[in-house]
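The values are calculated or read from the model by the stated rules, or taken from the named source; none is laboratory data. Since this is a predicted model, take the numbers as computed values, not measurements. Cβ: placed from backbone, ideal geometry, glycine included. Neighbour counts: every protein chain shown.
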Amino acid sequence: MKRSMTPVSGPKDNSAADGRRARSENSRAKIVAAMLHLVGKGDIAPSAARVAETAGVGLRSVFRHFADMDTLYSEMSQVIEAQVLPMALKPLTGASWRDRLLEITQRRALVFEAILPFRISANIKRFQSEFLMQDYRRMLRLERSSLEAVLPPHVLADTTLVDALNVPLSFQTWRLLRHDQELTIAEARAVVVRLIEAILAHIDD
């Protein structure tokens, strides 16, 4: 009887595969960290060359990992959310719904400022990325649902009023004030508070 000549993978083969996988994961982690660093510093659309230089990896490695942009941006999103979600999900302490709404106003200023360059960068790329488009829509739903959670039934019944409250509390409004109008954080926050207070003045308890 002839013995099978099929090669059997040994410990060395498995070790080599594990080593390649570890190096690939390490390179990807460096690329994600480099992207976060560059975007956080204001380079909202960093070139592959800039990313490679900052990450300390080869340009070919960047192109290889960039071929799967959705996975790359997903990993970036996970890092950012881990940083801001504890702040965003912290229980509100206001005694009334009006107090809690104003508390949300202050909190969103902090959260939106923390994610400002990353959301701008993602918005530029979202039309080329299914993940980023889905993530964009998810964030819109989250903004809306967290607002609705503090509103009383008689306010929720007026969908136009809820829409009016949602606009100044949106990330897009914060981006407009900070990025387009170049207001300081304090100035942008004051504008949002003024808008919310103006709407609240026309709502009966």
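Laid out as a table, the results:
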| quantity | calculated |
| --- | --- |
| Residues (in a helix (DSSP H, G or I) and either surrounded by fewer than 15 Cβ atoms within 10 Å (Cβ to Cβ) or touching a Phe, Trp or Tyr at 6+ places or on another chain (Cβ under 7 Å) (or both)) located in the stretch 49-65 | Ala49, Leu59, Arg60, Phe63 |
| Residues of the stretch 50-100 satisfying the condition of being closer than 11 Å to Arg28 by Cα and in contact with a His (Cβ under 7 Å, 6 or more places away or on another chain) | Leu72 |
| Among the candidates Ser74, Ser96, residue that is out of contact with any Leu (no Cβ under 8 Å at 6 or more places or on another chain), loosely packed, with under 15 Cβ neighbours inside 10 Å and either over 27 Å from Phe131 (Cβ atoms) or touching a residue at least 40 places away in the same chain (Cβ under 8 Å) (or both) | Ser96 |
| The lone exception for Ser47 - which of (1) among the hydroxyl-bearing types (Ser, Thr, Tyr); (2) closer than 14 Å to Ser24 by Cα; (3) free of Cβ contacts under 8 Å to residues at least 24 places away in the same chain it fails | (2) |
| Subset of the stretch 1-48 [loosely packed, with under 11 Cβ neighbours inside 10 Å, at pLDDT 65 or above and of a type in the set (Lys, Arg)] | Arg20, Arg21 |
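Per-residue answers, yes or no, for (1) assigned by TED's automatic domain parsing to the domain that holds Gly42; (2) crowded, with 18+ Cβ neighbours inside 10 Å; (3) at pLDDT 95 or above; (4) farther than 30 Å from Phe66 by Cβ:
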| position | (1), (2), (3), (4) |
| --- | --- |
| Phe118 | no, yes, no, no |
| Glu130 | no, no, no, no |
| Glu148 | no, no, yes, yes |
| Ala157 | no, no, yes, yes |
| Leu183 | no, no, yes, yes |
| Arg194 | no, no, yes, yes |
| Glu197 | no, no, yes, yes |
| His202 | no, no, no, yes |
